[in-house]
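Down below is the structure, laid out as structure tokens.
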Amino acid sequence: MTRQLAHSPARPSSTQRLLLGCGVVAGPFYVIVALAQAFTRQGFDLARHPWSFLANGELGWIQTANFVLTALATLAAAVGLRRALAPGRGARWAPILVGVFGASMIGAAIFPADPAMGFPAGTPEGPGVITLSGTLHLAVGGVGFLCMAAACYVVASRQSREDRAGWALYSRVTGTLFLGSFVGIASGGGVAWTNLLFVAGIVAVWSWLSLLSLNLSRA
């Protein structure tokens, strides 16, 4: 009986698996819904327009709902990470950082990006008018992106300590790519390569969260 009790905390509970399952599906859900809109909405160009622009226009509610539902799944995943990583290095900060990223998506839904560069259809070309909503969108997004990149490094530190060199390298590369892609799009002004790099960074970081959550749920 003592031996069973000693090992039981390491076995993921059904609740923990459910929470981590949210982390597995959050990224694929967000990416699929966003890409479905990117390829079907008139005037949207992946090489020119950030995905946040999809929250504008008559069909903008789809991307807004995408932000909110993905945010809720990410917050649930953060709780699952807290349970799965405790005790040990990163058990506190990794979930907090992922949780802030999730919360920032709710902020992005509340404060849509400003229409610009010809999207949605009928919007004049160029950077457009900067509003308070657009400024807050960039601000909350920036905080969230920085926190998610930091989460990758925090988890990498733990993985290095556990002699999981491959995972640690993967986490660091993902965090660096995601951070670099955000810096690029924040300063690129609609340049094609920065937008495409940002798409790659988004897909990379969501894939990382999915694989991490799946790995921990099978621990």
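The values are calculated or read from the model by the stated rules, or taken from the named source; none is laboratory data. Keep in mind that this is a model prediction, so the values were computed, not measured. Quick reminder, even Gly has a Cβ in these numbers, built from the backbone with ideal geometry, and neighbours come from all protein chains shown. Ligands, DNA and RNA are stripped out before the accessible areas are found, and what is left, the full protein with its side chains, is counted by its heavy atoms. Shrake-Rupley method; radii C 1.70, N 1.55, O 1.52, S 1.80 Å.
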Q | Viscosity 1.306 mPa s, 10 °C: Kirkwood-radius Stokes-Einstein D of region 38-80 over Cα pairs, µm²/s | A | 138
**Q.** Surface per residue (accessible, 1.4 Å probe) for the chain, Å²
**A.** 49
Q | Under the Debye formula (equal points on every Cα, no solvent term), log10 I(q)/I(0) of the chain at q = 0.09, 0.10, 0.15, 0.19 Å⁻¹ | A | -0.37, -0.45, -0.92, -1.37
(Q) When 1/r is averaged over all different Cα pairs and the result inverted, which Kirkwood radius in Å belongs to region 87-156? (A) 13.5
Q. Roughly what percent of Cα-Cα pairs across region 138-219 reach past 17 Å?
A. 46
**Q.** Helical contribution to [θ] at 222 nm, DSSP H n ≥ 4, -39,500 (n - 2.57), averaged over the chain, rounded to 500
**A.** -24500 deg cm²/dmol
**Q.** Charged-residue dipole, Cβ positions (Lys, Arg, Asp, Glu), region 50-165 about Cα centre, Debye nearest 20
**A.** 760
Q) For the chain, with only Lys/Arg (+1) and Asp/Glu (-1) charged at the beta-carbon, what is the dipole magnitude about the Cα centre, in debye rounded to 20? A) 1180
Q) In region 144-219, which trypsin sites (Lys or Arg not before Pro) fall in coil by DSSP and have 16 or fewer other Cβ atoms within 10 Å? A) 164, 218
Q. At a 1.4 Å probe, what is the % contribution of carbon and sulfur to the accessible area of region 106-194?
A. 74
